[in-house]
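Report on one structure; see the data block that follows.
Throughout, read-outs are computed from the coordinates displayed, never taken from laboratory work. What you see is a predicted model, and the numbers here were worked out from it, not measured in a lab. Cβ placement follows ideal geometry from the backbone for every residue including glycine, while neighbour counts extend to all protein chains displayed.
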Protein chains: 2
Amino acid sequence: MCEANAYMVKDGKEELLMEAVDLIEPEDNNGSYRIMNIFGEQKIIKGRIKLMNLVAHKILFERTA
Amino acid sequence: MCEANAYMVKDGKEELLMEAVDLIEPEDNNGSYRIMNIFGEQKIIKGRIKLMNLVAHKILFERTA
C-alpha cells in the first residue's frame with residue numbers, strides 16, 4: 001500500500017498527526033487540509049504543506065504564520 | 001514504489017503533468033509547487049492542490065482564479 005504518514009513540523013521536529021494517510025484535500029480556502037487514512041479516520045489540519053516525499057511515505061505540514 | 005502521477009484538472013478533465021512523482025514542495029509563497037519524479041525530472045506547477053489520493057497514485061492540481 002502506498003499511503004503515507006502525516007507529520008506537523010514544529011521547531012524542526014516532526015510530530016505524527018496520522019498514519020496511513022490516503023486522501024489529502026484542502027478545506028475551502030481557510031488554510032487547512034482534511035486528511036483521511038485507509039481506516040476512514042479523518043482530521044482537519046490547520047497549516048500548509050511543507051513537503052511531501054511519497055517514496056519515503058511522508059507528508060510534512062507546517063503552521064502558517 | 002509509491003510515487004504518484006500528477007494531473008492538472010481543467011474543465012473537469014485530467015491532463016497528465018508528470019508521471020512517477022516523488023517530491024512535492026511549495027515554491028516560496030507564489031502559489032506554485034515544485035514537483036520532482038523518481039527520474040530527477042522537475043516541473044514548476046502554477047496552481048494549488050485539489051486532491052491527493054495516494055492509494056490511487058494520483059495528485060490533482062487546479063489553477064487558482
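What chymotrypsin sites (Phe, Trp or Tyr not before Pro) in segment B:1-43 are in a loop by DSSP, with at most 14 other Cβ atoms within 10 Å of the Cβ?
Of the chymotrypsin sites (Phe, Trp or Tyr not before Pro), the ones in loops of segment B:1-43 whose Cβ has at most 14 other Cβ atoms within 10 Å are B:39.
Give the residue list of GluC sites (Glu not before Pro) in segment A:1-53 that are DSSP loop and have at most 14 other beta-carbon atoms within 10 angstrom. Present the calculation step by step, with values, prior to reporting the outcome.
On the way: sites: A:3, A:14, A:15, A:19, A:27, A:41; in loops: A:3, A:27, A:41.
Those that pass, being in a loop and sparsely packed, are A:27, A:41.
Students often get this wrong, so check it: of A:46/B:10; A:50/B:58; B:10/B:58; A:58/B:58, which have C-alpha atoms separated by over 22 Å?
A:46/B:10
Distances from residue B:27 to the same residue in each other copy, label points 7 Å out along Cα→Cβ, in nm, shortest first?
Listed shortest first, these distances are 2.8 nm.
If you rotate chain B onto chain A, whose Cβ in B ends up lying nearest the axis, and how many Å away is it?
That would be B:2, 2, residue then distance in Å.
Please state the shape class of the protein assembly as shown: rounded when a/c is under 1.5, otherwise prolate if a/b exceeds b/c and oblate if not, all from the C-alpha gyration tensor.
Rounded.
Roughly how far apart, in whole Å, are the Cα centres of segment A:4-65 and segment B:38-65?
15
Put a point 7 Å out from Cα along the line to Cβ at residue B:51; what are the distances to that point in the other copies, in nm, shortest first?
2.9
Could you give, in nm with one decimal, how far residue A:10 is from each other copy of that position, shortest first, with labels 7 Å out from Cα toward Cβ?
4.2
Using a 10 Å cut-off on Cβ to Cβ distances, tally the other chain neighbours for every residue of B:52-61 and report the average as a whole number.
5
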